Amino acid sequence: MPNVTYLSVVHRVDSNHVALSFQFFNKSRKNLLENPKAQVLLVEPATFRQFQLNLAYQTTLTEGLVFERLRIHLDAVASQIGMSHIFSLRGADIFEVLDCRAVSGNVPLEAMQSLPDHLRGLDVLTERLTACGDLDALLTAGLDGLSSLFGYDHSFVLVPDEEEKHLFTIASRGFPESGVGSEVAIGQGIIGLAATQRSPIRNANLARDMIYSRLVRSGIEDRRHRDSLSREIPLPGLASACSQLAVPLLAHNHLLGVLCLQSEQTGRFTAMDERLALVAARQIAVTMAMIRLKAAALPPDEPRHDHRGISNQAGPCSLIKHYKSDDSVFVDDAYLVKGMPGRILRKIVQSYLSNGRSEFTNKEIRLDTSLQLPDIKDNLETRLILLRRRIEERCDFLQIVSTGRGRFRFDAKRRLKLESLP
Amino acid sequence: MNYKTVQLKGRFLESGDLTPQDWESFERQKNTLTEQAKIHGIPLKIGLRILPLDPVRIRFAVQQAFEQTPGPRAGSKL
């Protein structure tokens, strides 16, 4: 007697084969081993067109590229909803596709759209990226280019923190709020796993993936694995994201960050978009690495020693509080930033108030032993970008302005008072 | 929209065209789907593609019922 069930993943292996996820030992599994014939009804996420595939079971893979691809995808969604390490992929069932036909009768099928010429776009994008001399310009050019050239209108870049435990958002485009400074744990959730697995993770139908996994979760909440469940992790970015593509930024297999694209449209990112994003991400990563090398090799421009920063002594005074416990900084009791950027800001404000300094170099920050900066492998620039962008967003009377290679100026339009707290 | 599913198996009795009551039921389910499609941001004309244009009425005697919701209990008898 035939058996019908929902599948979490149908992965296209090649023109004649698909891989289905094998997660649970159940009736479907037993049936399949007895009768290796199956039929799958596929729904195209963006168009809801349906296709019927007649399949013949061939083998089950428990390692290799196809297996890993399925495993990472399932692990990522499971991790996002707090089900890490509860269910592992047992295997990737490989089927030969005997027949594939569109389900007729319900809608006329549109002609396939011709593929756009992405080579031209990549040519323009990589030209723009390689022309960037600093990280800030690179991130802006990268996200702007992905939008204007390929229509990826909602994007953000995250970079690892100094302990490589979290990724924090350093740049974003196309969101009501920039989200700069928001964090995800490395190794958790879709974005965190894209980082640890060094693999792109594409969700063509994020809403479906989440609904499906939440249902599996609800089915086990009263069972033996209940204690292993952890809280669901909120996805950063669009509240109503239906598609997502997370791509690691790798240079020499060293993780420099994650590029994440989102869309409110289901099925927005196809396999072709994934390849395109991978090429763009590699170029961004390589250029990031080159910028770091250049910053380390070249001496900074000499800072100008002007003292105009403290000339404005009239008007209102703002209180900057620095908490040593986590290096969080509050301006007039409003949270601004924490961690290393917070420590750097305290140092800058202190120098500004005590010595009247407004011009600084990255090198002196890096070498300042009082800051006790960890070995951050020339990653200081990302922290300065985060600090600058957080200030831009949340504090209209403070500013950090780049004044040349490896140097910057701190401007304050109000009188400041600094208070250090435990 | 969720994936809560029950699978019914049984003996075929008859099939035929939909009765007026069947069409009413079909329309009700179509409206439910339309509402769900709206919630999930799926355009109506796309969401309705999931439905058949030529539904058939099938009557059968249920002999077995299975939990088919995705998860570890999928396939267990009810």
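The values are calculated or read from the model by the stated rules, or taken from the named source; none is laboratory data. Being a predicted model, the structure only gives us computed values, none of them experimental. Here the Cβ is made from the backbone with ideal geometry for all residues, glycine too, and neighbour counts use every protein chain on show. These area figures cover heavy atoms from the full protein model, side chains too; ligands, DNA and RNA do not enter into them. Shrake-Rupley method; radii C 1.70, N 1.55, O 1.52, S 1.80 Å.
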Open item on the list: Among the residues that make up region A:161-169, is at least one of them touching a residue at least 60 places away in the same chain (Cβ under 8 Å), touching a helix residue (DSSP H, G or I) at 6+ places or on another chain (Cβ under 8 Å) and not in a loop (DSSP other than H, G, I, E, B)?
Closed with: yes
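Quick check on my filter: what residues within region A:170-192 are β-branched (Val, Ile, Thr), farther than 12 Å from A:Arg390 by Cβ and in a strand (DSSP E or B)? Quick ask: steps written out before the conclusion?
Applying the first criterion (β-branched (Val, Ile, Thr)) to region A:170-192 yields A:170, A:180, A:184, A:186, A:190-191.
Narrowing further to those that are farther than 12 Å from A:Arg390 by Cβ: A:184, A:186, A:190-191.
Listed by number, the list holds a single entry, A:Val184.
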Task: Unmet requirement for A:Leu353, which otherwise passes all of (1) open to solvent by 30 Å² or more (accessible area, probe 1.4 Å); (2) touching a residue at least 60 places away in the same chain (Cβ under 8 Å); (3) part of a strand (DSSP E or B) - done: (3)
- [ ] Please note which strands (runs of 3 or more DSSP E) are completely contained in region A:5-102 and include at least 3 residues that are open to solvent by less than 50 Å² (accessible area, probe 1.4 Å) and within 14 Å of chain B (Cβ to nearest Cβ).
- [x] A:17-22
Task: Lone unmet requirement of (1) surrounded by fewer than 24 Cβ atoms within 10 Å (Cβ to Cβ); (2) farther than 30 Å from A:Leu7 by Cβ for A:His154 - done: (2)
Open item on the list: Being among the hydroxyl-bearing types (Ser, Thr, Tyr) and open to solvent by less than 30 Å² (accessible area, probe 1.4 Å) is the requirement here; does A:Thr369 meet it?
Closed with: no
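Going by what's in this entry, would A:Ile391 be described as assigned to a helix (DSSP H, G or I), surrounded by 19 or more Cβ atoms within 10 Å (Cβ to Cβ) and not basic (Lys, Arg)? Reasoning before the result, please.
Numbers: assigned to a helix (DSSP H, G or I): yes; surrounded by 19 or more Cβ atoms within 10 Å (Cβ to Cβ): yes; not basic (Lys, Arg): yes.
The answer is yes for A:Ile391.
Given the criteria in a strand (DSSP E or B), of a type in the set (D, E, K, R), in contact (Cβ under 8 Å) with a residue 12 or more places away in the chain and open to solvent by 50 Å² or more (accessible area, probe 1.4 Å), does A:Arg202 qualify?
On the way: in a strand (DSSP E or B): yes; of a type in the set (D, E, K, R): yes; in contact (Cβ under 8 Å) with a residue 12 or more places away in the chain: yes; open to solvent by 50 Å² or more (accessible area, probe 1.4 Å): yes.
Here the answer is yes, as A:Arg202 does meet what is asked.
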Open item on the list: Cβ contacts < 6 Å: first residue among the basic types (Lys, Arg), restricted to region A:123-147; second residue open to solvent by 10 Å² or more (accessible area, probe 1.4 Å) and assigned to a helix (DSSP H, G or I), any location; separation 6+ or different chain. Result?
Closed with: A:Arg128/A:Ala141
- [ ] Identify the single condition in (1) under 26 Å from A:Leu319 (Cβ atoms); (2) touching a strand residue (DSSP E or B) at 6+ places or on another chain (Cβ under 8 Å); (3) modelled with pLDDT under 85 that A:Asn379 does not satisfy, given that it satisfies every other one.
- [x] (1)
TODO: Kindly indicate which of A:Ala195, A:Ala251, A:Ala241, A:Ala207 is at pLDDT 85 or above and within 11 Å of chain B (Cβ to nearest Cβ).
DONE: A:Ala241
